[in-house]
Amino acid sequence: MSNIKFHSPASLNEAVRLLGGLEDARVLAGGTDLLVDIKEGLTEVKNLISIQDLPGLERIERVGDRLKIGARITPREIAADPHIQQHLPALAEAAGTMASSHIRSMATIGGNITSAVPSADLPPPLIAAGAAVELACSVGTREVSLAEFFTGPRRTVCAGAEILTFVQIPLPPSGTGACFQRFSLRESNALAVASVAAQLSLKDDKIEKAAVVLGAVAPTPLRAEKATQYLVGKSCSDDLFARAAALAREECRPISDLRGSIWFRREIVQVLAQRALAEAAARARTKHSNTRART
């Protein structure tokens, strides 16, 4: 660590320039993932570029029909934000149960995404909600669907001199509910053995739109396409959710490690998926009822 040079740019343009011009450079925000990786020798770094002082990346705001979350926003801030609690409860749940209280105050949404760790908690509910990320480089910005952002464990589509600046999430339509479920081996500071995010949009108790996203059971966050397609157009029921959860179980691609076997992870995915779908449907019905009451 003593050989690493620390840089504190005053602007995003300067940060991008440093990232593109320095050898073995990495962006530092909260550092809860990156600094551990450096210490354990998983990442070779000669230059750290801090974005802690860059203006504008510490805001959560509504812009038109989207919520825009700056890359420096912490899980604690996400869990406490009233817009996210109202429109994106699954994201609030993931942020509020992530790791320990200390980590939730230090980590950032940008770091949790760009670390591309398969067990990261925030990507599944974000993907289920249709989120995209904004990437800045020397010639401007581009937007990438978060579902297409991850290319493998600890690998993303980011080019060498791109910095994730914002996460943009469409506001869900009326009658939409979402839920995040995770399972870990300890209460605090434990990586997920498996997680599931579900989002359902209902009309007259029929599912118009669905998303089921699995975490920690594939090289990247995994959209359970068969389960999703099975749900669309059908009326909500416990049997429907049980069948969709069984499909999600078959779609996941877990590995065996110290936290659980392939069989165990598949079983956990099925249980979590059924719970997440049932709760998402209950929340969708509540929001639909509340909207009708106001009209």
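The values are calculated or read from the model by the stated rules, or taken from the named source; none is laboratory data. The structure displayed is predicted, hence computed values, not measured ones. In this analysis, Cβ positions are derived from the backbone assuming ideal geometry, glycine residues included, and neighbour counts consider all displayed protein chains.
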Quiz prompt | Residues located in segment 244-266, provided they are surrounded by 15 or more Cβ atoms within 10 Å (Cβ to Cβ) and out of contact with any strand residue (DSSP E or B) (no Cβ under 8 Å at 6 or more places or on another chain) | solution = ALA245, ALA246, LEU247, ARG249, ARG259, PHE264, ARG266
Quiz prompt | Of all residues making up segment 201-243, the number that are touching a strand residue (DSSP E or B) at 6+ places or on another chain (Cβ under 9 Å), among the polar types (S, T, N, Q) and loosely packed, with under 14 Cβ neighbours inside 10 Å | solution = 2
Self-check item: Residue, nearest to GLY111 (Cα to Cα), within segment 125-157, restricted to residues that are in contact (Cβ under 8 Å) with a residue 40 or more places away in the chain and β-branched (Val, Ile, Thr)
Solution: THR156
Quiz item: So is ALA10 farther than 30 Å from ALA280 by Cα, outside the structural domain of THR108 (by TED's automatic domain parsing) and either in contact with an Asp or Glu (Cβ under 7 Å, 6 or more places away or on another chain) or among the β-branched types (Val, Ile, Thr) (or both) or not?
Solution: yes
Practice problem: Mind counting the residues in segment 23-68 that are farther than 22 Å from ARG155 by Cα and of a type in the set (A, V, I, L, M)? | Solution: 5
Exercise. Could you identify the single residue in ALA216, ALA211, ALA276, ALA280 that is touching a residue at least 40 places away in the same chain (Cβ under 8 Å) and on the phi > 0 side of the Ramachandran plot?
Key: ALA216
Exercise. Report, by residue number, each residue of segment 181-235 that is more than 14 Å from the chain's Cα centre (by Cα), under 21 Å from CYS252 (Cβ atoms), part of a strand (DSSP E or B) and among the small types (Gly, Ala, Ser).
Key: ALA210
Quiz item: Since PHE6 meets every condition but one in (1) touching a residue at least 12 places away in the same chain (Cβ under 8 Å); (2) closer than 13 Å to ILE163 by Cβ, which condition does it not meet?
Solution: (2)
Quiz item: Among ILE69, ILE60, which is the only one that is surrounded by 17 or more Cβ atoms within 10 Å (Cβ to Cβ), in contact with an Asp or Glu (Cβ under 7 Å, 6 or more places away or on another chain) and either among the hydroxyl-bearing types (Ser, Thr, Tyr) or modelled with pLDDT of 95 or more (or both)?
Solution: ILE60
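Look at THR32 and say whether it is closer than 24 Å to GLN181 by Cβ and either in a helix (DSSP H, G or I) or among the polar types (S, T, N, Q) (or both).
It is true that THR32 is closer than 24 Å to GLN181 by Cβ and either in a helix (DSSP H, G or I) or among the polar types (S, T, N, Q) (or both).
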Quiz prompt | Leading residue by the ranking (surrounded by the most Cβ atoms within 10 Å (Cβ to Cβ)) among those in segment 77-133 that are more than 12 Å from the chain's Cα centre (by Cα) and either of a type in the set (A, V, I, L, M, F, W, C) or on the phi > 0 side of the Ramachandran plot (or both) | solution = ALA107
Self-check item: Residue check for ASP33: among the acidic types (Asp, Glu), closer than 27 Å to MET98 by Cβ and outside the structural domain of ILE103 (by TED's automatic domain parsing)
Solution: yes
Practice problem: Considering only residues that are of a type in the set (A, V, I, L, M) and closer than 30 Å to ASN47 by Cα, look in segment 152-183 and name the one that is surrounded by the fewest Cβ atoms within 10 Å (Cβ to Cβ). | Solution: ALA159
Quiz item: Which one of these does ARG186 not meet: (1) at pLDDT 95 or above; (2) surrounded by fewer than 18 Cβ atoms within 10 Å (Cβ to Cβ)?
Solution: (1)
Quiz item: Restricting to segment 71-96, what's the tally of residues that are in contact with a strand residue (DSSP E or B) (Cβ under 7 Å, 6 or more places away or on another chain), over 17 Å from THR32 (Cβ atoms) and small (Gly, Ala, Ser)?
Solution: 1
Self-check item: Selection within segment 1-52 - over 26 Å from ARG104 (Cβ atoms), in contact with a strand residue (DSSP E or B) (Cβ under 9 Å, 6 or more places away or on another chain) and hydrophobic (A, V, I, L, M, F, W, C)
Solution: VAL16, LEU18, LEU19, LEU22, ALA25
Self-check item: helices (runs of 4 or more DSSP H) fully within segment 54-165 counting 3 or more residues that are hydrophobic (A, V, I, L, M, F, W, C)
Solution: 75-80, 89-97, 123-128
